[in-house]
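Data first, discussion second: the structure below is written as structure tokens.
What follows is calculated from the coordinates using simple rules that are stated; it is not laboratory data. Nothing here was measured: the structure is a model prediction, and the numbers come from that model. Note: ideal-geometry Cβ built from the backbone for every residue, glycine included; neighbour counts use all protein chains shown.
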Amino acid sequence: MAFHSFFNFFTEYALLNKLSEREFVLLNDCGYFPTRMLRRIYTLFFLVVGSMFFSAAYAQQPTQFSQFQLNQLYFNPAAAGADGVTRLQVIHRTQYAGYQGTFDAGGAPSTQMFSASTAIKNFGIGFTAFNDKIGAWSNQSFQLAAAYRFALSNGNLAVGASAGLFRSAIDYNILRARDEGDLLIGTGVVGEIHPDVNLGIRYETAAYYLGISVNHLLNAKYKLGSDLATNPLIPVYYLNGGVNLEIGYLFEVQPFAIVKSDFSSPIALEGGVMGTYNQRYWAGVSYRNQDALIFMGGINLMANQSLRLSGAYDLVIGAPTLKTPTSYEVMLSYQMPAPKFGKKTIVRTPRFRF
């Protein structure tokens, strides 16, 4: 049976569950990789930074977070240790909350991430781990990141890299084949693990920051039980930035934005603004192009404001036929002083804490 039947099978599976077909990234023989079957990050942009960011690629859907401005390590290894403290962070995201499939319970995308980062003099060290699941598909990643920063003009320039493992798997047991006995449809859980490498640079001053990064440089191929498919984990490029504006003594306003590209899909642009009062309370709003309006807010707890609790609520406005057009995200972060070795050094107060 031709591989296009496998493509059509997943299309039928989507429609039977009454989800918009454009919400799916389908496995096909043209090089599409189904790491996020239900993820509306339509991608474009960027870029070339020196020679390390030259490549051409096709359609890869990266992990999506609405509070990306507070969680930059997951897409840019140069952010490791950027705020000059040790930070532990956990995130849970449920997309299309409350979705129930036509035949089976659940099925909505769910993502969890843990990250840790610290600064040691001019070096930053970080770790990220995430789990992502949508229906029969699941993905896990583990990455170690390192960054080196040095003074440049009025700020600091950081160059970083991360390396680890990326696993993708499909549980064929919960899929329904259109043709009984189709040998192309496997049985059980089939998964593969491949090495994964990311690169990034980031420049930060007291007034603004700008980062450029590329993920999945190795372009790993996943067969997932099919001898006819070689599905690449295609490089994805990021450009993100933010500005800090002081409004009086107690108020700060921070516009932020991110652009994503795999050089084949439509542009993915997301941006907004957040306001902070007395360095303790903050709220914001952002927009993901052709997708969702996002409301977010948080509070810094404890006397030293070391514990932060925040959340985001997505209201999908780009797909009015969705059965459950809302998503939510919760983040818990705890910071400690960075470890110090040798002589005591002065650590600057960061303007952009994440």
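Computed from the alpha carbon positions, the gyration tensor of segment 144-290 leads to an equivalent ellipsoid with semi-axes of 41, 20, 13 Å, biggest first.
Counted residue by residue at 0.36 nm each, then reduced by the alpha carbon distance between them, the extension gain from LEU293 to LEU218 reaches 23.6 nm. Loop-located trypsin sites (Lys or Arg not before Pro) in segment 248-291 (DSSP state other than H, G, I, E, B) with a sparse environment of at most 15 neighbouring Cβ atoms within 10 Å: ARG280.
How far, in nm, would the chain grow between ALA129 and GLU192 when pulled straight, counting 0.36 nm per residue and subtracting the alpha carbon separation?
Between ALA129 and GLU192, full extension yields an extra 21.0 nm.
Note on segment 275-337 and segment 230-274: Cα centroid distance 15 Å, given to the nearest whole angstrom.
Applying a DSSP loop filter and a limit of 16 other Cβ atoms within 10 Å to the chymotrypsin sites (Phe, Trp or Tyr not before Pro) in segment 200-305 leaves TYR249. With a cut-off of 13 Å between beta carbons, the residues surrounding PHE68 carry a summed charge of 0, where Lys and Arg count +1 and Asp and Glu -1. A Förster radius of 51 Å combined with the Cβ-Cβ distance from ALA151 to ARG178 puts the calculated FRET efficiency at roughly 0.25.
Spin-label pair ASP227-LYS323: with each label point 7 Å from Cα along the Cα-Cβ axis, the two points sit 3.7 nm from one another. Each part reduced to its alpha carbon centroid, segment 70-88 and segment 137-185 end up 17 Å apart. When you filter the trypsin sites (Lys or Arg not before Pro) in segment 188-228 for DSSP loop state and at most 12 other Cβ atoms inside 10 Å of their Cβ, you are left with LYS223.
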